[in-house]
Amino acid sequence: MLSTFLVFLPIAGAILVWALPWRTPRQAGGFALLLALAELAIWVGGTAGFDYGNPGLQHSTTAVWSGDLGIAYKVGLYDWSLWLVGLTVGVMAVAIAYGLWVGRERARAYFGLMLFLTGATVGVFVAQDLLLFYVFYEAMLIPLYVLMGVWGGAGRALATIRFVIYTIAGSLLMLVAIVALGLTEGTFDLTRIGTSGSLVMFLGFAIAFGVKAPVWPLHGWLPDAYREAPPEVSAVLSGVISKTAAYGLLRIAIPVFPEPVEDMRVAILALASIGLVYGSLLAFRQPDFRGVVAYSSLAQMCLIVIGLFAVNDSGLNGALLLMVNHGLVSAALFLIAGCIERRTLTGQLARLGGMARGRPILATLLITTGVIALAVPGSSAFAAEFLVLNGVFTVGWGWAVVGAIAIVLAAMYMLRVISAALHEERGPAVHDRQLDLRPAEVGLIVPLVAVLIFLSFWPASITDHSFGGTPTATVTSRFEAP
Amino acid sequence: MTAAAWLALFSPLGAAVALAVLGDRISRSRAGLLVSGSVLVSFVSSAYVLARLLSEHPEQRSHVSTLWTWLSAGDLQVGFEILVDPLSVFMMLVVSGVGFLIVSYATGYMRGDDEERRYHAYKALFVFSMLLLVQSGNLLLLLVGWGMVGLSSYLLINFWHQRRSAVAAGKKAFIVNAFGDATVALGLFLVIQRVGALDFATVFGSAEAEIGRSNTVAVLIALGLLGGAAAKSAQVPLHTWLPDAMEGPTPVSALIHAATMVTAGVYLIARTHVLFELAPVVLHTAAVLGGVTLLVAGVIALVQTDIKRVIAYSTMSQIGYMFVAAGVGAYGAGMFHLMTHAFFKALLFMAAGLVIHALAGEQDIRRMGGLGRELPRTTRAFLIGTLALAGVPPLAGFFSKDEILANTLDGGPLGIVLFVFGVAGAFLTAMYSFRLLFVVFRGKQSEHVQHHLHREPNEGPLSMVWPVGVLAVLAVVGGLVSVPGGWHAVDTWLEPVSRPLVHPAGWMEAFSPILSVCVALLGIAVAWRLWGQASDLPTALARRYPLATVALERKLYFDEVYDALLVRPAARLAVTLERVVERPIVAGSARATAGGIRGLASRVAATQSGLLRVYALVVAVGLATLVLVFISVR
Amino acid sequence: MLGPTVAAYLVLSAILFATGAAGVLIRRSPLIVLLALELMLNAGNLALIAFARQHADSGGQVFALAVMVVAATEVVVGLGLIVAMSRKKVELDVDALTELEG
């Protein structure tokens, strides 16, 4: 029941936000935030009773829709997808709180969409039926289109169109692959589906997820979308939504298509490695704060893909840890970018600078998040990247060397952002009147950073409690309990 | 006992966290006291651990303690674990002891700075990181401490972050060290692949069986570790960040960029000597790097004009000696020099800090001079540091440096070459260190000095003076723990952890000190001739050899070479990628899709003539075709 | 049962249908188009009745009756439209009505 509840609580909340006659926008937003926090509390409660030694499906619910076609409403949680659901509900709660804090216009529509997005995204992470997965996957995109297109920045129209075209093209490929896979296997039930050797179907899934992640060179929608969406939507987009792609690779593409994965591994690792270096180099060139975070997201997603396609214990654990970690890091960075933009009205690095003086909280939070993002040894990002590169090292030394180079590049672009915003002389857009972070903003960002610091002290809190402790065996058995 | 070690580790972290959380709710002086107190707790705990270890049999002095599993992946389990053994206790004492003195000094040095609390918090973070580095019980946690000292070094170098040069220096230091971290990580991947674990006991125990001797894997592992060591310890060619790092406050230079962090490379080699000994080629490479660095840095130090940069080059040069020692397998001698160097180099930096303090931030030695009469105590401290650095007996530097030189003599043909390097280095050391002493403290007072010198009673607040005094005493007597021909306390103490590969004979222990003292005295004499009295000889020399002078002033063009080979090509690549690849992908893809759909739509629209009978005809023809198809297919 | 076989009826039905279809496609006057449509419907009716006779099943005849009703209502609507057109002084030419052009 837990999984179903986590999906439909926010969706029901969304309907209430839309339907009930709220007297003020704040009321609607407050109600949405309350629901998001309740969702988070339920998730926290769920982690307590979870059986982490068991690699199988837990908290599952099944209701058959069509027995002949093997379609069912089937949801459930694995010990590793639990963390992604937690990432989702946590980041969404923070994003909704941010929306409430900045006072988004058309509040009922906005908060309803945010709640609906929460439910749909959780749905993606818990769906155990291919068609149900597809339904949630698409349902997740619709609120994003609207959120980006209505509440976005000046260039939102073009950004939204690009995002729509890319994601719909990817989704259609996936739909074809899903139907073909389900019909050939005789069931859409992910826990019962057999393995397939079809390269075409695999590519359908891989390209769809590659667009969403994104993986080079399918990232054409990324820079504009991350720049033009409202900051909290960018945070959700790069923090959570991109993880659905990595989840899809891990849950569907890799376990169901073992042979195509083997055949295409070198090609995919090559593309991801190119993307890793490419994203890092371009991040170094971006003129604005969000642009740097956007391209660093590209690089990080490529690193996650590298870990996944190493398909060994180290790579899989590292990729999962990196998913959670990058979700928190990029959410925090986009929210900090939003806080800076609210003060200076610009994200252009050339117009920023010297913000550390007199704003110790902003400086501390940005530096802490930044150094975690660049994977300084001891941070959770370092732990994750160490595992990822160690995993891919056993596939081939060269991949790990490329990854190590990219991590040095990551230090370069993150330090550039930190210095450009905080250090040196004061930029033209920076004035003394602009205050340090307000308590509300601190209350939003500190929880994210606190979780990151906790994970830095104990990254094994995730790696020890995922895949029943045996990643490779769990993935190759397609997540069935032995 | 391990509880005390954990306390030593976490006490500075607690102070750092408390300062971060309290913000400006704690007064500045309390913040300083909190940090120095926490480091004192570390030192006392370390001393307690030492006492407990002393009471044990030498072969049993090794204790592992794990708090929790830090990271796991399948069979690979890495604990948050510390190792208490003679080597780690030795380093803990040096780090927390010298650290305590410098942190106390810094409470006086930084008094009145706007962001004093932030400074103290960073410093506490550094001490924690450094202790983590030396106490770690496995290679991964060692790398964690390794990276975190780099981070705190970055934070402290650009502490005065309004200065563009400080920010640039901080970034440079971080990135060079990130490169070192990356090579170490790559080495660890190989270790994991071969051994399947990272804790010291397992790795060192099964290294020879699982990795083998002198094969590619062994060489690559050792090279990875050496890359990290050279980057952290500023050895050629990864040294360029250290002189720039002098942008940080002087106590930072004393603690991080002289006494502790930069010597971590030597600790790493001593700690992982088992892995290095499997690849003697790399061990010898380390020795050669050290030998080259000690000469290169010594020569460059001769012409630098910034008081802190001169000392920074001298630090590089002295670490070069330690690398030579570690490279020939004289780990105890290397660690001994690490300790005495921490004493006298911290002393020199702190005395230099007093000079800078007295001159209101001036660091250019050309604008100093004649300070000896004005700052007698500072002069005495600086003199002790200089004598110890130059290796004049019976000060600390003499014993440790000569132990290294004696050990190289036993190191085969390579050892002889390194011995020659070392002796030449001793000459250079004496020359540049006395140049600094003469130029700053003797001669005529410059106009700048006359205008800006503000003389306080006791030459600085008490909090700055007493640590200098303690270090001066240590710099005088610190060498006596190991006396050639007598006893070798450091060697004996470290024997269970890192057994040396060389054992100098009696004549070597007698020959090398005599030779090096002669050479050092010669160097002092030359320095006296050039800079000790009014003379135009230095300018004449510079005019006679302009190319050499410029090359040295430009620090042998290392920065320029890196700029041309790495920085600019990378920037160009990024620009090219943005123009040639990124624009088409981002702009092109969407435009192509949109344009394609629009073109298709206009073509399809043309078929809509609006003529009903055409539609009807199409329907009829289509129907007829379908019927025909169905009939013929059946 | 005497008389021509079902094939003869079907041939006639086909000829009628083709004539009607040609009329719909070729003629420009809406009135004639309507007539041609009726012709096509009746061709269908003829086929239905012929098959009903052959199978001795009255279902076909019932169907033909239903078609006649539909045809009658269709004529009513169609003629109504034509009258409305002529009242609005719209030219009675189907080729002139191209408002659906894309």
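The values are calculated or read from the model by the stated rules, or taken from the named source; none is laboratory data. Quick caveat: nothing in here was measured; it's all calculated off a predicted structure. Neighbour counts are summed over all protein chains in view; Cβ atoms, including those assigned to glycine, are modelled from backbone coordinates with ideal geometry.
One residue stands out in region B:148-164 among those that are at the interface with another protein chain (Cβ under 10 Å from one of its Cβ atoms), out of contact with any Leu (no Cβ under 9 Å at 6 or more places or on another chain) and touching a residue at least 24 places away in the same chain (Cβ under 8 Å): the one that is nearest to residue B:77 (Cα to Cα), namely B:150. Being in contact with a Phe, Trp or Tyr (Cβ under 7 Å, 6 or more places away or on another chain) and on the phi < 0 side of the Ramachandran plot holds for only one residue in B:289, B:268, and it is B:289. Entry remark, region B:488-538: residues being of a type outside the set (A, V, I, L, M), out of contact with any Asp or Glu (no Cβ under 8 Å at 6 or more places or on another chain) and part of a loop (DSSP other than H, G, I, E, B) number 6 in total. Remark: pairs (first residue in region C:1-26, without any contact (Cβ under 8 Å) to a residue 12 or more places away in the chain; second residue exposed (fewer than 11 other Cβ atoms within 10 Å of the Cβ); Cβ separation under 7 Å; 6+ apart in sequence or on different chains) are absent. Only one entry of B:397, B:469, B:460, B:485 meets the criterion of being of a type in the set (Gly, Ala, Ser), part of a loop (DSSP other than H, G, I, E, B) and within 28 Å of residue B:102 (Cα to Cα), and that entry is B:460.
Restrict the check to region A:324-341 and report whether at least one residue is within 27 Å of residue A:215 (Cβ to Cβ) and at the interface with chain B (Cβ under 10 Å from one of its Cβ atoms). No, region A:324-341 has no match at all. Checking region A:448-470 against the condition returns a match, with at least one residue being part of a loop (DSSP other than H, G, I, E, B), more than 9 Å from every other protein chain (Cβ to nearest Cβ), at negative phi and not small (Gly, Ala, Ser). Among the residues of region B:53-76, those that are crowded, with 17+ Cβ neighbours inside 10 Å and without any contact (Cβ under 8 Å) to a residue 60 or more places away in the chain comprise B:53, B:69, B:72, B:73, B:74.
Here are some residues: C:10, C:97. Which one is out of contact with any Leu (no Cβ under 6 Å at 6 or more places or on another chain) and either away from chain B (no Cβ under 14 Å) or polar (S, T, N, Q) (or both)?
Within the list C:10, C:97, the selection yields C:10.
Checking the structure you have, find out if any residue of region B:576-585 is at pLDDT 85 or above, hydroxyl-bearing (Ser, Thr, Tyr) and either closer than 30 Å to residue A:292 by Cα or over 60 Å from the mean Cα position of the chain (by Cα) (or both). Looking through region B:576-585, at least one residue is at pLDDT 85 or above, hydroxyl-bearing (Ser, Thr, Tyr) and either closer than 30 Å to residue A:292 by Cα or over 60 Å from the mean Cα position of the chain (by Cα) (or both). Can you name every residue in region A:172-195 that is surrounded by fewer than 18 Cβ atoms within 10 Å (Cβ to Cβ) and polar (S, T, N, Q)? Answer for region A:172-195, where residues must be surrounded by fewer than 18 Cβ atoms within 10 Å (Cβ to Cβ) and polar (S, T, N, Q): A:184, A:191, A:195. Among the residues examined, residue A:95 qualifies as crowded, with 24+ Cβ neighbours inside 10 Å and in contact (Cβ under 8 Å) with a residue 12 or more places away in the chain. Can we say residue A:350 is part of a helix (DSSP H, G or I), within 21 Å of residue A:413 (Cα to Cα) and more than 13 Å from every other protein chain (Cβ to nearest Cβ)? Judged against the criteria, residue A:350 is a match.
Within the set B:189, B:174, B:200, B:204, the sole residue that is under 16 Å from residue A:401 (Cα atoms) and either aromatic (Phe, Trp, Tyr) or free of Cβ contacts under 8 Å to residues at least 12 places away in the same chain (or both) turns out to be B:189.
Rundown of residues vs (1) more than 17 Å from residue B:179 (Cα to Cα); (2) buried (at least 24 other Cβ atoms within 10 Å of the Cβ); (3) of a type in the set (Phe, Trp, Tyr); (4) over 17 Å from the mean Cα position of the chain (by Cα), yes/no style:
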| position | (1), (2), (3), (4) |
| --- | --- |
| B:208 | yes, no, no, yes |
| B:218 | yes, yes, no, yes |
| B:231 | no, yes, no, no |
| B:239 | no, yes, no, no |
| B:243 | yes, yes, no, no |
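Just so you know, in region A:386-427 the residues that are within 8 Å of chain B (Cβ to nearest Cβ) and small (Gly, Ala, Ser) include one that is farthest from residue A:366 (Cα to Cα), and it is A:391. Looking only at region B:583-634, residues that are over 30 Å from residue A:224 (Cα atoms) and either outside any helix (DSSP H, G or I) or not basic (Lys, Arg) (or both) come to 30 in all. When residue C:71 is tested against (1) within 14 Å of chain B (Cβ to nearest Cβ); (2) within 12 Å of the chain's Cα centre (by Cα); (3) not charged (D, E, K, R), exactly one condition is not met: (1). Candidates A:337, A:331: the one that is closer than 20 Å to residue A:410 by Cα, in contact with a Phe, Trp or Tyr (Cβ under 7 Å, 6 or more places away or on another chain) and assigned to a helix (DSSP H, G or I) is A:337.
All conditions in (1) farther than 22 Å from residue C:76 by Cα; (2) modelled with pLDDT of 90 or more; (3) of a type outside the set (A, V, I, L, M, F, W, C) hold for residue C:45, with the sole exception of (1). Here residue A:277 meets the list (1) within 12 Å of chain B (Cβ to nearest Cβ); (2) buried (at least 24 other Cβ atoms within 10 Å of the Cβ); (3) over 22 Å from residue A:462 (Cα atoms) almost entirely, failing just condition (2). May I ask you to verify whether residue B:30 is within 28 Å of residue B:123 (Cβ to Cβ), charged (D, E, K, R) and either modelled with pLDDT under 95 or surrounded by fewer than 21 Cβ atoms within 10 Å (Cβ to Cβ) (or both)? Considered against the rule, which asks whether it is within 28 Å of residue B:123 (Cβ to Cβ), charged (D, E, K, R) and either modelled with pLDDT under 95 or surrounded by fewer than 21 Cβ atoms within 10 Å (Cβ to Cβ) (or both), residue B:30 comes out as yes. Scan region A:414-427 and tell me whether some residue there is more than 30 Å from residue B:164 (Cα to Cα) and either out of contact with any strand residue (DSSP E or B) (no Cβ under 6 Å at 6 or more places or on another chain) or part of a helix (DSSP H, G or I) (or both). Within region A:414-427 (the criterion being more than 30 Å from residue B:164 (Cα to Cα) and either out of contact with any strand residue (DSSP E or B) (no Cβ under 6 Å at 6 or more places or on another chain) or part of a helix (DSSP H, G or I) (or both)), the answer is no, since none of the residues qualifies. Could you tell me which numbered condition residue B:178 fails, if it satisfies all but one of (1) surrounded by fewer than 21 Cβ atoms within 10 Å (Cβ to Cβ); (2) within 10 Å of chain A (Cβ to nearest Cβ); (3) part of a helix (DSSP H, G or I)? For residue B:178, the exception is condition (1).
Filtering region B:124-147 to residues that are at the interface with chain A (Cβ under 9 Å from one of its Cβ atoms) and more than 19 Å from residue B:253 (Cβ to Cβ) leaves B:132, B:140, B:141, B:143, B:144, B:145, B:146, B:147.
Picking from residues in region B:10-25 that are more than 13 Å from chain A (Cβ to nearest Cβ) and not hydroxyl-bearing (Ser, Thr, Tyr), the one that is nearest to residue B:148 (Cα to Cα) is B:12.
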